[in-house]
Amino acid sequence: MARAGAADEKISRFLAWCAEREIVVARDAVAIDGLRPEADADDGADGASSRAHLRVRASRDIALGEILFEIPKTTVVCASNAGAIGAAILPRRGERSLPMYWDEDERRTLTGTELEECLEEDDDAFEEDYATAVEALGKEMCDAHGFTLETYKAAASIAASRAFCVGGRYGECLVPCADLFNHRTGTNSVAVFGIEDSDDDCDEGHNDDTGALIIKTVVDVKAGEELFNTFGSKSNTNLLHRYGFAETHNKETACVTLDSSLFVDVFGEEVMSDVYERLQETSADDAPFLEFFESDKYYEITIDGCEYEFYELVEALIQTGKLKHPEHDGAWLVGLDENKAVQAVVEEIIYARWERYGKPIDRREPERERELTTSAFEGMRHLAKPLAGGGVVGQEAAQLVKMQEVDLIYDAIRFAAQRIADWCETRTSS
C-alpha cells in the first residue's frame, strides 16, 4: 500500500482552506492521509479503485476528551448556508464507489440481494428528481450551468454519503473535517458536539450552544491508530448502498426479507388469490395477515432466525385450507402435525428466496450450495488489498453482502424445526 502523492496534495490544499476559514485542526495530535493499492497508483481514473481512501490517524497518544477539530457552523454547507466547501477533498465526479454508479455487469453480483431492488428504485428516483429540478430551475439555466443528470447524481452521491445532521436551521449539512473519519462497526473514537436538538429527525451527536461543532475523542487512542466515527448500527447492505463499502466482521446486522411475492413464486397467483379471499372471510384476528398481502409489509430473517410472526402468518394461511402446492396434488400437508406443516411451508418460501440469487438450489446439498457462495467471496478476499477504515469495496463488497444473506437463509432452513418448536413453546407458556 502506498501513500498517494495526489491525495497528499489535496489534503494540503484542504488544510490550507480550513485555516483560511478558522477551522481549528489539532495537527499535533492527528494526521490525515490517503491510501490506495500499489497496483492502482498510476491509474488516472477517478473511480473507486484508484481514488485514495482517506483516514484520520493519531500522530501521538490522545487522551479521552481531547479536542481534535473546531468547525465554525458558518463553514457548513446546507440549504440555508450555501457556500464553497473545500472542493479539493471531495471526489470530482461523485462517490464512484457507490453501487448507483455500477454498470450492468457489476450489478449482476447483487442479483437477488436486498440491495438489488433498492438500486432499481434509486435509478427511477434520480430521473424523477432531476426532471423536477429542471422544471423548477428552467432548462435554459440548467444548460448554462452544465446541470445534467450526471452532475445531479454526483452531487446527490456526495450528500448521501457525507451529510451530517447539524439540526436547527442547518438541518442536513456537509461538514468540513467531520466526514474524514471512517466508520467501523463496534468501534467509535470520536463524537461531534454542538449538534442542535430542534430538529427531531437529527438524533446524532450531542447538544451544545456554541457556534461551532467540536470533535472530541471519546476513548483513549494510541499513536498510529486510526480514529473512527461510527455511523451507527448498520447492515452491510445499508453500508454498501449509502457509503460504498462493507465490513467482514459486521455480521450481526445482516437481514433478509420475506414478502408476499415469494408465496406467489411457490404457489402461484391463483392459489394465493384463493387464500387471500378466504382470509377476508374469516375473523378479525386475521387482519394483520391481510396487511401482508395488501401493503409492502415483510418479515425478516436475522441472525436469530425467522421472526415468530412469520410462522404465525404461515399457520393462518394453512388454516384457510386453500394453500395447495402445484406439485403435490392437493395432499401436500395432509397427515402432518401443526409444527411439521408450518415447517414445510416455511422451507418452501425460504428456498424460493434463496433461488432469487440466480440459480436453482439442490435441496439435497444445501451445505454445498452455501459453500459455493463462500468460496466466491474468499477467492476475491485473497486478492483484496486493505483500505483505510478496513472495509471492502466494489465486487468484493457485493459478494460479501450476498454471502452473509445466504448464510442467514441456510441457517434459517437448517434450524427451522428447532426454531418453530421454540415458537410453539412460547405460545404455550404464554
Whichever residue in the range 209-250 is of a type in the set (D, E, K, R) and in contact with an Asp or Glu (Cβ under 8 Å, 6 or more places away or on another chain) and, among such residues, is nearest to ASP304 (Cα to Cα): ASP220
Filter result for the condition that a residue is modelled with pLDDT under 90, surrounded by 20 or more Cβ atoms within 10 Å (Cβ to Cβ) and closer than 30 Å to VAL256 by Cα, over PHE181, PHE164: PHE164
Condition first: out of contact with any helix residue (DSSP H, G or I) (no Cβ under 7 Å at 6 or more places or on another chain) and either buried (at least 19 other Cβ atoms within 10 Å of the Cβ) or under 22 Å from ASP407 (Cβ atoms) (or both). Now tell me which residues in the range 310-322 satisfy that. PHE310
Among the residues of the range 37-93, the number that are outside any strand (DSSP E or B) and at pLDDT below 95 is 36
Has the range 115-135 got any residue that is open to solvent by less than 30 Å² (accessible area, probe 1.4 Å), out of contact with any His (no Cβ under 8 Å at 6 or more places or on another chain) and part of a loop (DSSP other than H, G, I, E, B)? no
Spot the failing condition for PHE69; the list is (1) of a type outside the set (Asp, Glu); (2) under 30 Å from LYS402 (Cβ atoms); (3) touching a helix residue (DSSP H, G or I) at 6+ places or on another chain (Cβ under 9 Å), and only one is missed. (2)
Within the range 243-290, which residues are open to solvent by 30 Å² or more (accessible area, probe 1.4 Å) and under 30 Å from PHE181 (Cβ atoms)? TYR243, PHE245, THR248, HIS249, LYS251, GLU252, THR253, CYS255
Within the range 98-108, is there a residue that is open to solvent by 30 Å² or more (accessible area, probe 1.4 Å), closer than 30 Å to ALA223 by Cα, modelled with pLDDT of 70 or more and not assigned by the TED database to the domain that holds MET403? no
Suppose the filter is open to solvent by 60 Å² or more (accessible area, probe 1.4 Å), in contact (Cβ under 8 Å) with a residue 40 or more places away in the chain, over 30 Å from TYR357 (Cβ atoms) and of a type in the set (A, V, I, L, M, F, W, C); does ILE71 pass it? no
Go through the range 188-214 and give me each residue that's at pLDDT 90 or above and either surrounded by fewer than 17 Cβ atoms within 10 Å (Cβ to Cβ) or touching a Gly at 6+ places or on another chain (Cβ under 9 Å) (or both). ALA191, VAL192, PHE193, ALA212, LEU213, ILE214
Restrict the check to the range 273-290 and report whether at least one residue is closer than 30 Å to LEU110 by Cβ and assigned by the TED database to the domain that holds ARG414. no
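The values are calculated or read from the model by the stated rules, or taken from the named source; none is laboratory data. Just so we're clear, the structure is a prediction, and the values are computed from it rather than from any experiment. As a convention, Cβ positions derive from the backbone with ideal geometry for all residues, glycine included, and neighbour counts pool all protein chains shown. Ligands, DNA and RNA are excluded from the accessible area calculation, which covers all protein heavy atoms including side chains. Shrake-Rupley method; radii C 1.70, N 1.55, O 1.52, S 1.80 Å.
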